[in-house]
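Accompanying notes for the structure given below.
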Amino acid sequence: MSEGNKPLKMVTCPGCDTKTFIPGDLPPLATEPCKKCGHSIMMPMLLRQFELRAKVGSGGMATVYRAWDTTLERFVAVKLMKKEILAEPNAWDNFLREARSCAKLNHTNIVHLYTFDEWEGEHYLVMELADQGSLDARIEKLHRLDELKVLDVGIKIASALDMALKYDLLHCDIKPGNILFNADHEPKLVDFGLARKTDAEQETAEFTRGTPYYVAPEKIKREPETFLSDMYSLGATLYHAITGYVPFDAPTPEEVVQAHVYTPLRPPIEVVPEISQFTSEALCRALAKNPSDRFLSYDEFIMALTRARSELLVRQYQSPENTNQPKRTTSWWRRQ
């Protein structure tokens, strides 16, 4: 089909799911707005059997695309490394490390890696698709998330980190932007680009990459980093999600970093009085400045979060608006 002798290609708009035509001479990955909804429509690109159809997100090292596996007929995520990054020191090592780290882990709440490949100069990972936004995006949109949902995310991501620890892996970059949601709204831990073995030598400037809002004090002080550092970062992530505020804020990144080390934590329940005492206490312990004052294991952390969740469910079930409701024959927790 053509318009004014220009070749056209029919594609589906990811914004309104309408089939439409775009100029057929657009280069692969180039975009133009949908004539119906204005959403960006991308010219597909084929990497082996993977047809890249829409951009999901982009970071410093790579861009993630929603893609169609033409062989297995399923949607996947393709993480395409930026070509300009290949020239940077350690960039390729970090990309390969992420692939190898993810490949070892099989957990419901860790994004599954399908393959790692190179095709005509393009280096990419193919992963399970989790394109329903990040925890970071949900915080930005809603400011403060429902306590039950935050506890659910915390329990699941703590379990994922515990699985990684069983393989002697530390994630080293826990933050809201690295927790994505799939079509079933299940949280998925992603981005193992900074992951390392528990006994590996720590990079002295590692914490300076990315945001300083979730970094553990011992990492700032160049002290040995353990799973307790990931636990702290998860605690800070949950604190942000449940209160709408990061644990420590300041005008400059340097002041934020210093606050993690020296400024006393304001308990979540003081920030938002509606938060339950059990939830507030669990997060305060995970965010203890001295690693030895945190939970001794992920199992302990999960039990504390689970207790807080159970108490909150009981409290909601026994609230006045539920007292006159007829008893249900099915388990009440399934409504959550």
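Readers should treat all values here as calculations from the given coordinates under stated rules, not as data from a laboratory. Note that the structure is predicted; figures quoted are calculated from it, not measured. Because the Cβ atoms are built from the backbone with ideal geometry, glycine has one as well, and the counts that use them run over all protein chains shown.
Data for the structure
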| item | result |
| --- | --- |
| No Cys partner within the rule (Cβ under 4.7 Å), the chain | CYS102, CYS172, CYS284 |
| Loop GluC sites (Glu not before Pro), the stretch 61-139, which have at most 15 other Cβ atoms in a 10 Å radius of their Cβ (DSSP) | GLU73, GLU120 |
| With 10 Å bins from 0: P(r) over the stretch 135-321, alpha-carbon pairs, percent | 9, 39, 38, 11, 2, 0 |
| Residues listed by number, the stretch 227-245, amide nitrogen under 12 Å from GLU270 label point at 7 Å toward C-beta | none |
| Computed lengthening from ASN290 to LEU313, 0.36 nm per intervening residue step minus Cα-Cα distance | 5.1 nm |
| For Cα extents along the principal axes in Å, calculated from these coordinates, the label among [x] 56, 56, 48; [y] 68, 58, 39; [z] 53, 50, 49 | [y] |
| Net charge over other residues, Cβ less than 11 angstrom from the Cβ of LYS36 (K, R count +1; D, E count -1) | +1 |
| FRET E, pair LEU72, THR211, Förster distance 56 Å, beta-carbon r, rounded to 0.05 | 0.95 |
| For peptides 43-55, 24-36, 171-183, sequence by mean Cβ density within 10 Å, most packed first | 171-183, 43-55, 24-36 |
| When each of LYS104/LYS289; LYS9/LYS79; LYS9/LYS82; LYS35/LYS188 is checked by Cα-Cα distance, pairs over 29 Å | LYS104/LYS289; LYS35/LYS188 |
| Which of TYR298, ALA158, THR243, positive extreme of dipole for the stretch 135-321 (C-beta unit charges) | THR243 |
| Within the chain: Cβ-based charge dipole about Cα centre, in debye rounded to nearest 20 (Lys, Arg +1; Asp, Glu -1) | 1000 |
| Net charge over other residues, Cβ less than 12 angstrom from the Cβ of THR63 (K, R count +1; D, E count -1) | +3 |
